[in-house]
Amino acid sequence: MARIPDAFIDELLARSDIVDVIGTRVPLKKAGREFQARCPFHDERSPSFTVSPTKQFYHCFGCGAHGSAIKFLMEYDRLEFLDAVEELAKRAGMDVPRETRQQHQRGDFESLYACCDAAATYFGQQLGGSRRAKDYLQRRGVSSEVAQRFGLGYAPEGWEHLKTALGSDERRLALLEKVGLLSRNDQGRVYDKFRDRLIFPIHDRRGRVIAFGGRVLEKDDGPKYLNSPETPLFHKGRELYGLWQVRQAHSRIPRLIVVEGYMDVVSLFQFGVNTAVATLGTATTPDHAELLFRNAADVYFCFDGDRAGRGAAWKALESVLPRMRDGRQAFFLFLPDGEDPDSLVRAEGSAGFDRHLEQAVPLGEYLFDEVGRECDLTTIGGRARLAERARPLLEQIPDGAFRDLMHQRLGELSGLQARVSATASATPATSSRQHPAKRSLVRTAIALLLTQPELALEVHPPFGFASLDQPGIPLLLELLDLCRSRPGIVTAAILEHFAERDEGKALHKLAMTEFPGEPDVWRTEFADAMQQLDRQASAQELANLVARKSSEGLGPEDTERLRALLRARAG
Ligand SMILES: [Zn+2]
């Protein structure tokens, strides 16, 4: 993990607002001092995900997910630690200290991104010089504004254009090969992967170019689409073409339409349907499904009506089922024979395309249509077969109303008693939110410090209780030291500090403690706890001295100490 100065992380977490960060991704509701939502990390009906604006962390009572704004970005946007820090820093208008960026091995990644970026620029320039490519786009009705928005380009005909233009030395050649822009034949000859193709740069969720798709200009020039291979930057099962552009066009995406070709995405955008994305030469994966639903609650899958399209649609359904939490909807649209989204939207415009979407089949209906094929529902055998085929599919749907409805529908179709899903009666997750159990003094002191780190400034070392032989004392001392040396530190930053240590989990649990009353009450409570700890330490020392006095006798210093302790106790 990257080493970034602790002070920077403190500052970053103090200047960011976790409610803001999470709120733009998950709808939050105010509930008392905190905010609540349905957990984005597990399937649930009632909200057990809480965000604390004062402590600047989130916690889920259902699945235990927890952490700071940094952790949230890592988990939710699937960013690496340093990317999450950079993302947050960008929002907060801060610069991540330069030297740490170089120390980190990501220097390597930075050059890969830079290499893709340079290639995208190169392809873009070539587009300007290619009559054929420009004609092609013109025939498709793609304006230069939309072409620019998608960063469209052209890879010229020939074997070594890109290689010559950008591979000026060994290092650059190696980078080009690493990001998949060069191919190597059996003889070891290296040449341009994309030749005489329209180029569609593929952006990641932060808008960086990470790969390319190339489309033939003429029908018979080889495979219609060619993609970058998997590279350190590009995992096709996790990216969606066009998602970056859709996100740029909407603050809140009303719905997402999944189509098969990159050109379809661009055409739809050109004709006013700016919510389309495409998978990257692969079937829809469960990762795709999650990514889609994280961006929009309604997802429309748009497929050719042919056999291949039907197969792809079923794969999409299988990937989507386990992600069908309540509130999410999936629809399937099969296009008329010989049509694709591009031809359709050009012929009928965006309103026409919307009309087709309205005809899309809801997931439930599509599922029963498909499993019901070749099942004669007028016979008992046919209905049993339907039930047998449908059950394993319905089992994959997360607990919730949708799952219950699907079981109910299966009951209606098969005539078999709808089986109440086993987990439907599970106790609400909030029941795990218990009243604080009786805590030890040390734990109380730690929990109070985590609630209000500045309490540490009200006590001063040396601490009498430091000698106390009790679990948690070294941790309490370390916390006091941390909070005293870094005034203004927020709870989340403390937890981040301990994130990779064994104590991290226990600290997070303690940080969840809700103390009744107001900060003034906590201050008194904290002072009390510290005093009691001091007294316990004295008592323990006293007991030790008395025991040693009778067993081995005490030297003059210890005798003096024993007297002082006895006097203090009497006083
Ligand atoms: Zn959860």
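Brief remarks on what is shown
- Taking the numbered list (1) surrounded by 16 or more Cβ atoms within 10 Å (Cβ to Cβ); (2) in contact (Cβ under 8 Å) with a residue 24 or more places away in the chain; (3) away from the ligand (no atom under 16 Å from the Cβ) in turn, LYS134 passes all entries but (2).
- Scanning segment 113-148 for residues that are of a type in the set (Val, Ile, Thr) and closer than 18 Å to TYR262 by Cα turns up VAL142, VAL146.
- Segments classed as strands (runs of 3 or more DSSP E), wholly inside segment 114-206, with at least 1 members that are basic (Lys, Arg) and over 20 Å from PRO232 (Cβ atoms): 197-203
- If you go through segment 297-313 and pick out every residue that is of a type in the set (A, V, I, L, M) and either outside the structural domain of LEU344 (by TED's automatic domain parsing) or at pLDDT 90 or above (or both), you end up with 3.
- Considered as a group, the residues in segment 225-261 that are of a type in the set (Lys, Arg) and modelled with pLDDT under 90 include one that is farthest from ARG78 (Cα to Cα), and that residue is ARG252.
- The one condition from (1) of a type in the set (A, V, I, L, M, F, W, C); (2) assigned to a helix (DSSP H, G or I); (3) modelled with pLDDT of 95 or more that LEU344 does not meet is (3).
- Test result for GLY311, free of Cβ contacts under 8 Å to residues at least 24 places away in the same chain, surrounded by fewer than 15 Cβ atoms within 10 Å (Cβ to Cβ) and of a type outside the set (Phe, Trp, Tyr): yes
- All told, GLN536 falls short of being within 18 Å of ALA570 (Cα to Cα), of a type outside the set (D, E, K, R) and without any contact (Cβ under 8 Å) to a residue 12 or more places away in the chain.
- Taking each residue of segment 14-40 that is under 12 Å from LEU73 (Cα atoms) and looking for partners that are among the hydrophobic types (A, V, I, L, M, F, W, C) and more than 16 Å from the ligand (Cβ to nearest atom) with beta-carbon atoms closer than 8 Å, six or more apart or interchain, yields ILE18/ALA69; ILE18/ALA492; VAL21/ALA69; VAL21/LEU73; VAL21/LEU88; ILE22/ALA69.
- Scope segment 289-315; condition under 21 Å from the mean Cα position of the chain (by Cα), among the small types (Gly, Ala, Ser) and part of a helix (DSSP H, G or I); matching residues: ALA289
- Residue within segment 215-230 that is in contact with a strand residue (DSSP E or B) (Cβ under 7 Å, 6 or more places away or on another chain), assigned to a loop (DSSP other than H, G, I, E, B) and within 14 Å of ALA278 (Cβ to Cβ) present: yes
- Candidates ARG205, ARG247 - the one that is more than 21 Å from ALA165 (Cα to Cα), outside the structural domain of PRO27 (by TED's automatic domain parsing) and in contact with an Asp or Glu (Cβ under 9 Å, 6 or more places away or on another chain): ARG205
The values are calculated or read from the model by the stated rules, or taken from the named source; none is laboratory data. Here the structure is a predicted model, which means the values were calculated and not measured. Virtual Cβ from ideal backbone geometry, glycine too; neighbours counted across all protein chains shown.
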